[in-house]
Every structure is written in structure tokens, then in C-alpha cells.
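For reference, the structure discussed in these notes is given below.
None of the figures in this text is laboratory data; all of them are computed from the coordinates on show. Everything quoted here is computed from the prediction, not taken from an experiment. Here the Cβ positions follow ideal geometry from the backbone for every residue, glycine too, while neighbour counts run over all protein chains shown.
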Amino acid sequence: MTTTETTPAAPETALKSVDPATGEVIATYPIADADAVRAAVAKARAAAPAWGALSFDDRRKALLRWSTRLVSESDAFTDLIHRETGKTHDDAFLELMLALEHIAWAAKNAKKVLGPKRIASGPLMSNFSARLEYRPLGVVGIIGPWNYPVYTPNGSIAYALSAGNTVVFKPSEFSTGIGNFLAEAFRAANPELPDGVFVAINGFGATGAELVKADIDKIAFTGSTATGKKIMAAAAERLTPVLLECGGKDAVIVAADADVKAAADAVAFGAAGNSGQTCAGVERVYVERSVREPFVAELTRILKNVKPGSGDDANYGPMTMPSQIEIVRKHIDAALASGGKAVLGGPESIKGAFIEPVVFVDVDESSEAVVEETFGPTVTVRTVDSIDEAIELTNSSKYGLSSAVFSKSRGLEIARRLRVGATSVNSVLGFAAIPGLPFGGVGDSGIGRIHGEPGLKEFARPHSIAIQKFTVPGMALLSFSRTKSTVNLLRKVVPVLHGRNK
Ligand code: NAD
């Protein structure tokens, strides 16, 4: 049995999964049309009561069985990730490992975060007990990107499932096989569960748009800001709540007291790792003047030896999505046209689907290369005269996903002043590997949070319950039987409770 919902499709409407390094077609998938999407949602709807009624412990066990299955199939899975995205096998394994950490965190913490809680009822309602309980939303639609096709959608899938929802997942058209692998592994690990707990549907943006329109209780989207805006507008039709994890233009601040070598090492990885196709990758650097020269020298020294390729000796793979190559080219041209200088690489760094690292200095802050998400292995370095200037430039972006600060003495102080969802101090991307920390952005980087407690609460409905344990004669506040003497008593009590604040 398969968890993949499809309709018979004419060959020209089929989706081809292509190896980005070679152009070879790996597999072909029929595309889910509107009827197939509705059928998938109906199947998930039918499975929702049974899955939602399981105890937190039983759901935890089902999710952990899924993890075990993914580990046992990790060789085949990482090979598929390598072929479908171009990532090296090691990077594919690292991504799987991070996703497993999140599955474990969501599965093991759902009870603590979402389990029933007693709430103090307060002096005026002391004849009541109060409870806060969390209910599943029902069916969650999840739309994913291709750049971290296991880790990224799992920030929604594992958390939505742990909170008791069933899931209909549309992976990116550039990582269809990977998305199906995830759903099939869940099904294979949990054959006793109804078929619709975790369903994958395949297709392009149009299939995603049908999912947004369908009878779902929340849409969790990860992808570009432009698509996020379309999804939010479409979701407004049915007032479907949205979780939007969108793009970024993340900055790193290198302070005068930073360990410059460590900063350059981390920036090199943050900028060029995964060919720069990382939502929270490093795209801009603001470095204090006194350390600019050693920092730029060390950064270019490291990146000179960093090479893309399709073998496992490569540092990173090709651009996964062919159209992104032109965006990177446009930004390289824009950086140069604005007066920027390439201290490593340039337009010649683009070699088909493989792009070698490019480092720019002194690019004008209004250039597309500084303002828009590049999503390639390029980085701009600007010299600043103070930390205040670095903070102002960091915060002037329309995006606000994450950031990093390198400073021996002021890291936390600088981090607190940044308008972003996450900051790594003396490292890059550290927050993304700590499952208890929420992840998400402000501004054009999106709405809501995945991971951690907020990530579980995104997929649950708080239900407040107030239980009257006994009545106090004459003290019924919410009744027409309330007496004048009760109100007179309250007039004396209220100043004691609230009138003595200094
Ligand atoms: P994209 O917006 O092109 O596509 C994302 C998904 O949306 C795909 O599955 C696509 O088929 C679907 N889609 C496209 N149009 C749609 C529509 N009208 N309605 C519904 N679904 C639609 O993004 P991408 O190129 O796949 O991913 C790269 C982007 O994702 C980058 O901007 C990156 O920063 C961002 N991203 C963000 C995070 C995060 O957590 N904030 C993580 C990873 C990637």
C-alpha cells in the first residue's frame, strides 16, 4: 500500500524528478490534480479522529518507530537525497540526522508542552478550578521546499503529527521522491495505523495551491516569500491559519574583538555550504574596520579551496533548481555594477549547475545583491566603523530570519538588538540544530515558529475549561441573583487587590 495520492496523468502532465548534476531523469510521478488533492485531504480527515484520540505516549511510539525506520534505510535515503538534490552524501546524512533530532524532540516533548494543565483560578473565582488543554487542529497541509527537503518540512510534519494532527504533505517538485520516501517510511513503520495519518501528494505549485484551498485546518508553508504571500492571500478565503517560513538575507556581524579566524571559518561554511541554498545561510557580513583585512584574507583563503562537484570529495553540490543559477548571475552582475569588488571569483565562477564561491567587498547597500535573497555561494562583506552601524545595516533588511555575531565580549548584547528570529553567537546556524529552540522569522521571512514549544503549539488549539466546584450563596457574580451586598463587598476587596500598586 502506498501513502502517495495521485491521479492517472497524461505523460505531459507528469512530474519528472531530475538529478541536477547530470540532468538524468530519476523517476516520473503523476501529478495530483484538484480531485486527487481533495481525496488525499478526505483520507487524512477520516484518519484524524483515530490518530488524535491516541495518547501522547502512543503517538510518541509511532513517531519513534518512524525514526528507527529512517535510520535503518538511511543508506538508500541519503543516496536518494544525493541524487535528487545534488547534495553530497555526507551533507544528506547530516540533514537526516538533524531531522531525526527534531522528530525525537517533538515526539518526546508533546505531552509536557500540550498535556492538560491546571491553571490558578484567582481570588475572585476561587470556587472554580481551571484547566488548559490542547486539542489537535485536525488536518494540516504542509508545503515544502527542496533545499533541505527532509529537515525543513519535518519542522512542521513531526510537530503537527506529535500534536495529534494528520498531515497532507506536498513536497517541492524538485524533491518529490524524498517527500514520498518520508511518508512511505512512516506508513511502513506503522502499518496498524489508518492509511491517512501522513499522506504525500505530488505536483508543482498548482497542486500546492489546491491544497491551500482544500478542507484543511492549517497550512504550514516553507519556501520563498513570493509564494508565501500568495498562500496567505489564498488561505484568507477560508480563514485557514497560516505558518509561513520564508526567505532570508541573513547578516553576520564581526566585531573588533572577534576571533577572526573562527569567524572566517564559520562564515565560509554559512555562505557556501549546500551551495548557499540555505534559508538561514550567510549572505551579508558587516565587519569592524580594525579586523576587516585579516577577516577578508582568511575568508578568501578558505573559500579558494572550497569546490563544488558531484563526487563525495566535493565540498558541496550543484544548484538544485536550474532557474536559481540566473538569479545568482544577476546578483553577481549587480554587485559589480554597484561598485563592488570581487576578491574571490566573479561571473566566471558559474560553471553550469556548479557555482564556485564568490566573495565581494564594498557592494553598495542598495544593490540587489545586498537587498534580495541570492540563495547561492556568494557573500558580500562591508566594512563598518561601529557596532551600532553594523546593527543598523543588519536590521534595515526587509527580511529578518536569522543572524550571527562574532565577538569575545559583546555577543549576547549585540544579539539582543537584532530584528530577527534567531542568532548564533560565535558560530553560524547553531540554533537550527537545537530542537528546543523555535525557528522562524519576522518581516518578509514569515509568520509563526517551527521547532520547540512554540512549534508544537502552532499545531494545537488551546481549550480553556473553567469548572465551578461549588456555589457561594449570594456571591454568584455571573448571575442575576447577584446581590447588592456582594457588589458592596467587591468594592472593598478590589482596592486591596489592585489599588496598592506602587
Ligand atoms: P518556492 O516558493 O518556489 O516553492 C516552495 C513550495 O511551494 C514548492 O513545493 C512549490 O511547489 C509550492 N508552491 C509554488 N507556488 C505555489 C502556490 N501558488 N500555492 C501553493 N504552493 C505553491 O520555494 P523553493 O524554491 O522551493 O524554496 C526556496 C525558498 O525557500 C527560499 O526562499 C528559502 O529561503 C526558503 N526557505 C525557507 C526556510 C525557512 O525555514 N524559513 C527553509 C527552507 C527554505
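Here is how the numbers come out for the structure above:
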quantity	calculated
Rounded tilt (10° steps) of 74-85 against the dominant C-alpha axis of the chain	60
Estimated vicinal HN-Hα couplings, Hz - the stretch 234-239 in sequence order (Karplus 6.51, -1.76, 1.60; Gly, Pro = x)	5, 5, 4, 4, 9, 6
Net +/- balance of residues flanking residue 216 in space, Cβ distance below 13 Å, scoring K and R +1, D and E -1	+3
Amide H within-cut-off set for residue 256, under 5 Å, with H built and near neighbours excluded	288
The stretch 325-354 residues near the modelled residue 224 label - backbone nitrogen below 16 Å, point 7 Å along Cα→Cβ	325-332
Sorted largest first, extent of the chain alpha carbons per principal axis (Å)	85, 64, 39
Share antiparallel - DSSP beta bridges, the chain, percent rounded to 5	40
Helix-derived mean residue ellipticity, 222 nm - over the chain, DSSP H n ≥ 4, -39500 (n - 2.57), to 500	-13000 deg cm²/dmol
R0 of 56 Å, Cβ-Cβ distance residue 76-residue 125: FRET efficiency to nearest 0.05	0.45
Simple label model, 7 Å out from Cα along Cβ direction - residue 64 to residue 464, nm	3.5
Cut-off under 5 Å, modelled amide H: who pairs with residue 167 long-range	140, 198, 199
Formal net charge of residues neighbouring residue 107 (Cβ-Cβ distance under 13 Å; K, R +1; D, E -1)	+4
Least to most buried among 240, 380, 78, 68 (fewest other Cβ within 10 Å first)	68, 240, 78, 380
Ranking of 428, 25, 291 by count of other Cβ atoms within 10 Å, fewest first	25, 291, 428
Set 249/304; 170/330; 229/304; 213/249 screened for pairs whose C-alpha atoms are more than 32 Å apart	229/304
Cut-off 17 Å (backbone N to label point 7 Å along Cα→Cβ of residue 42), residues of the stretch 185-203	195-197, 199-201
Kirkwood-based shape ratio for the stretch 251-435, expressed as Rg/Rh from alpha carbons	0.94
